[in-house]
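J.: Okay, here's the structure, questions in a sec.
The values are calculated or read from the model by the stated rules, or taken from the named source; none is laboratory data. For clarity, every value in this text was computed on a predicted model and none was experimentally measured. When we count neighbours, we look across all protein chains shown, and the Cβ atoms used for this are built from the backbone with ideal geometry, even at glycine.
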Amino acid sequence: MPPQSITIQAQTEKGVDVNTAVDMLVAAYENLADTIYLVSSDTDLIPAVKKAQEKGKTVIYVGFSHKLSAAMVANCRETRTLTRDDLLPFMQGQMQPTKKAA
């Protein structure tokens with residue numbers, strides 16, 4: 001039985017969008033997942049999103065509340081929105097306290 005979901009996370013480096021698209025298509029064509037979570041707002045990935053969905057896979061767009069991609073929302077089956085509060089537990093040791101103006 002194939003895994004139920006796979007998460008594909010894109011970063012902003014040259015060529016990463018191509019690798020992300022390839023990963024999505026391999027997951028779809030080799031039946032590695034039923035659900036693909038895409039953490040990217042790169043609209044260059046929409047053709048891969050459409051092809052994966054044509055193969056019967058559910059692509060869920062995970063975006064950030066302050067900057068959702070309308071095109072990704074329109075083309076993915078579902079959208080999950082991350083807020084600052086969702087991310088805070090993972091950033092506690094990395095964040096600098098903000099200084100209050102006197």
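J.: Would you mention how many residues in the stretch 34-62 are of a type outside the set (Val, Ile, Thr), at pLDDT below 95 and surrounded by 13 or more Cβ atoms within 10 Å (Cβ to Cβ)? Spell out the reasoning first.
T.: Residues of the stretch 34-62 that are of a type outside the set (Val, Ile, Thr), as a first pass: 34, 37-38, 40-42, 44-45, 47-48, 50-57, 61.
From what's left, at pLDDT below 95: 40-42, 44.
Add one more test, that the residue is surrounded by 13 or more Cβ atoms within 10 Å (Cβ to Cβ), and what stays is 40-42.
Count: 3.
J.: Which of the residues spanning the stretch 69-87 are at pLDDT below 95, among the hydrophobic types (A, V, I, L, M, F, W, C) and either buried (at least 16 other Cβ atoms within 10 Å of the Cβ) or not in a strand (DSSP E or B) (or both)?
T.: The answer is Leu87, and nothing else.
J.: Follow-up question, since we're still on this one. Go through (1) surrounded by 14 or more Cβ atoms within 10 Å (Cβ to Cβ); (2) out of contact with any Leu (no Cβ under 6 Å at 6 or more places or on another chain) for Val18 and report which single condition fails.
T.: Among (1) surrounded by 14 or more Cβ atoms within 10 Å (Cβ to Cβ); (2) out of contact with any Leu (no Cβ under 6 Å at 6 or more places or on another chain), Val18 violates only (1).
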